[in-house]
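Since the structure comes first, as structure tokens, the remarks are kept for the end.
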There are 2 protein chains.
Amino acid sequence: MAATIRDVAKAASVSKSTAAYILSSSPNFQTLPETRKKVLEAAQALGYRRNAIAVALSSGQINAIGVFLPLQMGDHEKGRSLLYFKEVLAAVAGAAARRNLRIMPILVDQSRTLTGQDLSDQWVDRLIVTFPASPETFAALEAANLPCVGFGSASGRHTVEADNRGGAAAAIDYLVSLGHQRILHYSHDPGSTANHQRREGFLAAMDRHGLTVSAKQAIIPDNRRDELRRRFGLPPGERPTAVFAYADAYAVQVMDIAHDAGLRVPQDISVIGFDDGAVAVLTRPKLTTVVNPLETMADACLDLLAALHRGEEPPAGPLIPTTLTIRDSTAPAPP
Amino acid sequence: MAATIRDVAKAASVSKSTAAYILSSSPNFQTLPETRKKVLEAAQALGYRRNAIAVALSSGQINAIGVFLPLQMGDHEKGRSLLYFKEVLAAVAGAAARRNLRIMPILVDQSRTLTGQDLSDQWVDRLIVTFPASPETFAALEAANLPCVGFGSASGRHTVEADNRGGAAAAIDYLVSLGHQRILHYSHDPGSTANHQRREGFLAAMDRHGLTVSAKQAIIPDNRRDELRRRFGLPPGERPTAVFAYADAYAVQVMDIAHDAGLRVPQDISVIGFDDGAVAVLTRPKLTTVVNPLETMADACLDLLAALHRGEEPPAGPLIPTTLTIRDSTAPAPP
DNA sequence: TTGTATGCGTTATCAG
DNA sequence: CTGATAACGCATACAA
């Protein structure tokens, strides 16, 4: 058993409260130097570390954040496609470390509705949900009465979102500035909130540039790869010259399919992604992509949670700005 | 404030103990059905959820694992190169979820010696260290008297390691079976334990196949990329025909450099990695690589920690077997 | 400055 | 089968 404050007090021959006072207060509190020294030395000798559980119970402060993540993230095979969540977790962990907050990743089966029990078993006093959970789940979270904010494409009462529309628009603007006109959007289906927003941004930007197209014509869902292949096989004058992919991982697919079709990236076709995750610099050519600012989002998320935890009811947070990082997968449109 | 067991007891007009007894025991415990019903209904009505903190304090059971990770993992730019740790964290999180254990990622500055304070004051009752920490750090951890095991290339009293030597040997065996003879090892310098083990496996396997080479000749550290470029520029008869990279991320570098040198992978040169992380299926061609079985390692790690926590002193765990996954970055040696 | 008493929400050990 | 009482380790009044 670890040493308790009582052991320390006994060893220093003072009362528990005295020991507690000295051990818990800042070093420049007023106290008899000799008493302080005795206590500190005893604590040192006994290897005393305060019991955070007891502190939490007594003070009512937990200061730990539960982070809900898809269960499959921990799966070797399936986890591959869920790199995004690992990066989210890392970003949240980093932000929490900067604030001396604890985090607790909680892996849950996405298909299952969370119950209050799932929460109460955890030692957290606020929550981050990173994926689109069911309304029932959110109801349970509300009922649990824990501050809870959705990260990215999660739905819910409070959310922190990137400017997906703006990011998509910036991508299209850039492509248009390079002379591209036949631009496709390669997307995930069915999509999350972020997915829809990027799609809207794409369509709006195309419209703005007078490149109006029907969504059906310009948006290829990832379950229709054959259609993408077919488009890539069209003669140069009809073939798309650029593809804006929903996410980096999808951009990789696009590059693969383009390569298989005998097209060179970026000479024959430009590809642009979204996220700027680890993959973005691993592909060849390196990926031009919209930065999904996970770090900034994590910071905003924790700030929002802190406010909620203090009992404030902050307004809907502003969108986190996205920026375009230009690398090597984009080039001027072929003549 | 959430409802406590006392509120439930009062509402059901029984004593706290009775309520606790009914609420905490399995449903088929013997108790008067009507009392049970009263209590359960009251609990339901009040939205009672037991306080996990109080449970922990009272029972003395924490069942939470601290996972030490490099601080930079949460950094957008630097985090890119630390994908490995994100995958480790995900694997540990998955394994913990299967066992109903809580985990707490703790991001620490690698260069700093850890103190008892970093243990988040007893929020956890066992530890995983995922990177090579300093001896002083391990001493502090020992002093904290918490079961602690190193994951992968971490050093320490207890560790769970993959069969790095065997994996490296399997890679070389496979290359040799494809007719390769001039094989390089592209490695990280200075290296971790895993690094050294893979290097040893490489050298031993080369020896075994009668391809004895000096380490200086056959091992290129990643801070000497120019040397790798030079080798790739040699005439076909002297040029290496295969490279075994220390890790997938390094295999990507090798492929890039090979590509820049005008070599085709795998026709002109075969590349083989280590880890089988998410990147392995994102590269083009897809990477042949040794599987670093993070999931299995995480399981072993938690088992070992559980044993230590029970007070057992288990023998050094066996190496976790590695396997080779053959994809598209390897081919028979050019004639 | 230091000691005493009480409470946090639960479990566990006893009596009744 | 139920109820009272004492821990668990600490914080927070309050009193000395």
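Since every read-out is calculated from the coordinates, none of them should be taken as a lab result. Note that the structure is a prediction, hence the values are computed from the model and not measured. Because the Cβ atoms are built from the backbone with ideal geometry, glycine has one as well, and the counts that use them run over all protein chains shown.
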Fill in: Rounded tilt (10° steps) of A:248-260 against the dominant C-alpha axis of chain A
30
Worksheet item: Between copies, how far does the label point of B:GLY60 sit from its twins, in nm, shortest first, when each point is 7 Å from Cα along Cα→Cβ?
Response: 3.0
Worksheet item: How far, in degrees from 0 to 90, does helix B:83-98 lean away from the longest principal axis of the Cα atoms of chain B, to the nearest 10?
Response: 40
Worksheet item: Taking 0.36 nm per intervening residue step and subtracting the Cα-Cα distance, what contour gain separates B:LEU178 from B:LEU211 on full extension?
Response: 10.5 nm
Worksheet, complete the sentence: Taking chain B and counting helices only, DSSP H stretches of n ≥ 4 at -39,500 (n - 2.57) each over all residues, the nearest-500 ellipticity at 222 nm comes to -12500 deg cm²/dmol
Worksheet item: Given a cut-off of 34 Å, what percent of all Cα-Cα pairs of the protein assembly as shown lie beyond it?
Response: 53
Discussion item. Under the convention of a label 7 Å out along Cα→Cβ, give the distances in nm from A:SER214 to the same position in every other copy, shortest first.
Written reply: 7.1
Worksheet item: Tally Lys/Arg at +1 and Asp/Glu at -1 over every other residue whose Cβ is under 13 Å from the Cβ of B:ALA331; what's the total?
Response: +1
Fill in: Dipole-positive endmost among B:THR130, B:PHE85, B:ILE103 within segment B:47-132 (Cβ charges, Cα centre)
B:ILE103
Fill in: For chain A, built as a Gaussian network whose Cα springs stay under 10 Å, the top-fluctuating residue of A:THR212, A:THR296, A:THR31
A:THR31
Discussion item. To test your reading of the geometry: what angle, between 0 and 90 degrees and rounded to tens, separates the Cα axis of helix A:294-309 from the longest principal axis of chain A?
Written reply: 50
Practice prompt. Sequence neighbours fewer than 8 away in the same chain don't count; with that in mind, list the lysines whose C-alpha is under 23 Å from A:LYS78.
Written response: A:LYS86, B:LYS86, B:LYS286
Worksheet item: Can you tell which of A:CYS301, A:ALA140, A:PRO221 lies farthest toward the positive end of the dipole of chain A, using +1 and -1 charges on the Cβ of basic and acidic side chains (Lys, Arg; Asp, Glu)?
Response: A:CYS301
Practice prompt. Just report the Cα centroid separation between segment B:257-276 and segment A:84-128, whole Å.
Written response: 40
Response to the item:
By the C-alpha gyration tensor axes a ≥ b ≥ c (rounded if a/c is under 1.5, else prolate when a/b exceeds b/c, else oblate), the shape of segment A:164-292 is rounded
Worksheet item: Which FRET efficiency value, to the nearest 0.05, is calculated for A:ASN223 and A:HIS259 with the Förster distance at 35 angstrom and r the Cβ-Cβ distance?
Response: 0.95
Worksheet item: Among rounded, prolate and oblate, which fits segment B:64-157 when a ≥ b ≥ c are the square roots of the eigenvalues of its C-alpha gyration tensor, a/c under 1.5 means rounded, and a/b larger than b/c means prolate?
Response: oblate
Fill in: Cβ-defined net charge surrounding A:GLY311, 14 Å radius [Lys, Arg +1; Asp, Glu -1]
-1
Worksheet item: Under a straight-distance cross-link criterion of Cα-Cα below 28 Å, which lysines are reachable from A:LYS38, leaving out those fewer than 8 residues away in the same chain?
Response: A:LYS10, A:LYS16
Practice prompt. Could you quickly flag the chain A residue whose beta carbon comes closest to the rotation axis taking A to B, and that distance in whole angstrom?
Written response: A:LYS86, 2
Worksheet item: Looking only at A:MET73, A:MET255, A:MET297, which one moves most when chain A is put into a Gaussian network model with springs between Cα atoms under 10 Å?
Response: A:MET73
Item to complete: Grab the other residues whose beta carbon is less than 15 angstrom from that of A:SER111, score K and R as +1, D and E as -1, and report the net.
Response: -2
